1. On alpha-carbon atoms, Rg over Rh for the chain using Kirkwood Rh?
2. Angle between the Cα long axis of helix 60-76 and the longest principal axis of the chain, 0 to 90 degrees, nearest 10?
3. Starting from the Cα-Cα distance between Glu95 and Lys46, subtract it from 0.36 nm times their residue separation and give me the gain in nm to one decimal.
4. Please list 3J(HN,Hα) in residue order for region 48-53, calculated via the Karplus relation 6.51 cos²θ - 1.76 cosθ + 1.60 where θ = phi - 60°; whole Hz, with x for glycine and proline.
5. Which percent of the accessible heavy-atom area of the chain goes to carbon and sulfur, probe 1.4 angstrom?
6. So for the chain, averaging the separation of alpha carbon pairs under 8 Å that are six or more residues apart and normalising by length, what relative contact order in percent results?
7. Please give the per residue accessible area of the chain, computed with a probe of 1.4 Å over protein heavy atoms only, in Å².
8. Once you place label points 7 Å from the Cα toward the Cβ at Tyr22 and Leu70, how far apart are they in nm?
Amino acid sequence: MTSEKSIFSKIIDKELPAEILYEDDKCIVIRDINPKARIHLLVIPKKPIATLFDLSPEDKDLMGHMMLLLPQLAESQGLDGFQTRIHTGESGGQEVFHIHIHLMGN
């Protein structure tokens, strides 16, 4: 892990403000500040993992937890369908190098 904290780590540590919709011991969910849909949430693990390439077998429960949370979040926002997106690496469109799942719906 680099010494420079990502914007998401700063939000998790409450050093930066964000509209937090959900939080537990494993992850935090915030509204995207540049939404690409009427509902655009970011599901962010508290563990700072840079990209999907950096996942290890010990992260499977964390990633499973986040995936199971997605339909619950969608329903809480009144969605009956949604899209998810995970950008991986610079050439994959990743801008913040801390894994996060975009949940989007109209």
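1. 0.94
2. Roughly 30 degrees, rounded to the nearest 10.
3. Length difference between fully extended and current span is 15.9 nm.
4. x, 10, 5, 9, 4, 5
5. 52
6. Relative contact order for the chain comes out at 31 percent.
7. Spelled out: the 1.4 Å probe surface of the chain, per residue, equals 61 Å².
8. Distance between the two pseudo-spin positions: 1.2 nm.
The values are calculated or read from the model by the stated rules, or taken from the named source; none is laboratory data. Source: prediction; values computed, not measured. Neighbour counts run over all protein chains shown; Cβ positions are idealised from the backbone, glycine included. Quick note on the areas: whole protein, heavy atoms, side chains included, nothing else; ligands and nucleic acids left out. Shrake-Rupley method; radii C 1.70, N 1.55, O 1.52, S 1.80 Å.
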